[in-house]
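In what follows, a structure is listed as structure tokens, so that the remarks can point back to it.
The values are calculated or read from the model by the stated rules, or taken from the named source; none is laboratory data. Bear in mind that the values here come from a model prediction, so they are computed numbers and not experimental data. Positions of Cβ are generated from backbone atoms using ideal geometry, with glycine treated the same way; all protein chains shown enter the neighbour counts.
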Amino acid sequence: METYRTIHDYGSDEVTIEKSLFIGYAKPVETEEEARSFIDEIRAKHKDATHNVWAYVIGQNMNIQRYSDDREPQGTAGIPTLEVIKKEGLCNVVVVATRYFGGIKLGAGGLVRAYTKTAKIGLEAGQIVEKMPFVEVSVGLDYTLLGKAQNELANRDYHVKDIEYRDSVNIIINCDQERVEDLKALFTELTSGQAEIEEKGEFYLSVKDGKIL
């Protein structure tokens, strides 16, 4: 599992440019089918719009890239929308830029700028993040060591998901994949080898500015 950039959640925002209303929508997706479904959803929502321009990138190596100008002059809408996604280094994301024509023609350059802006505000509304691989680690230890364990975890910026209180205490930690061995070493030393450490599975979490969302 490798780190990649995408957006955290669905987002939308709008901007008025020369009396035309532009609405930017963005959503994280895993497949082309999901992307197409979202595009169809926005088209249905804005079936009275002048244009519903779209673009998406699928795959951590960005191997699937699609776009549509939706009747805007060729190269003025779909490609600029796609380029915003690519310049941000994002994958597994779809953007739809809806336009309600306001009566003033923007020209080719104006359209490129307008759709670039619309894609950006949609993506920003969805929160651009890094998807980082984490491992859920379960650590069982004696109650007498709980306070010290919590302090050590806090000082090292480990993310404690839950604490289960049973015959012994069980700490559930969402651990950055690259730090799992360091975490194991910490508890081995802290408990003189008595901690029961178990890896529960790998998954992705959204990280923005060093914080898990």
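What to note about this one:
- Against the numbered list (1) over 29 Å from the mean Cα position of the chain (by Cα); (2) closer than 30 Å to Glu88 by Cβ; (3) not charged (D, E, K, R), Met132 comes up short only at (1).
- Flag for Val15 being part of a strand (DSSP E or B), within 19 Å of the chain's Cα centre (by Cα) and either surrounded by 14 or more Cβ atoms within 10 Å (Cβ to Cβ) or of a type in the set (Asp, Glu) (or both): no
- Residue in segment 66-87 that is in a loop (DSSP other than H, G, I, E, B), farther than 16 Å from Ala114 by Cα and without any contact (Cβ under 8 Å) to a residue 24 or more places away in the chain present: no
- Some residue of segment 65-82 being under 15 Å from the mean Cα position of the chain (by Cα) and surrounded by 15 or more Cβ atoms within 10 Å (Cβ to Cβ): no
- Qualifying positions in segment 119-152 - under 22 Å from Leu205 (Cα atoms), among the hydrophobic types (A, V, I, L, M, F, W, C) and without any contact (Cβ under 8 Å) to a residue 60 or more places away in the chain: Val139
- The condition (being over 21 Å from the mean Cα position of the chain (by Cα), at pLDDT below 95 and polar (S, T, N, Q)) is satisfied by just one residue among Ser138, Ser168: Ser168.
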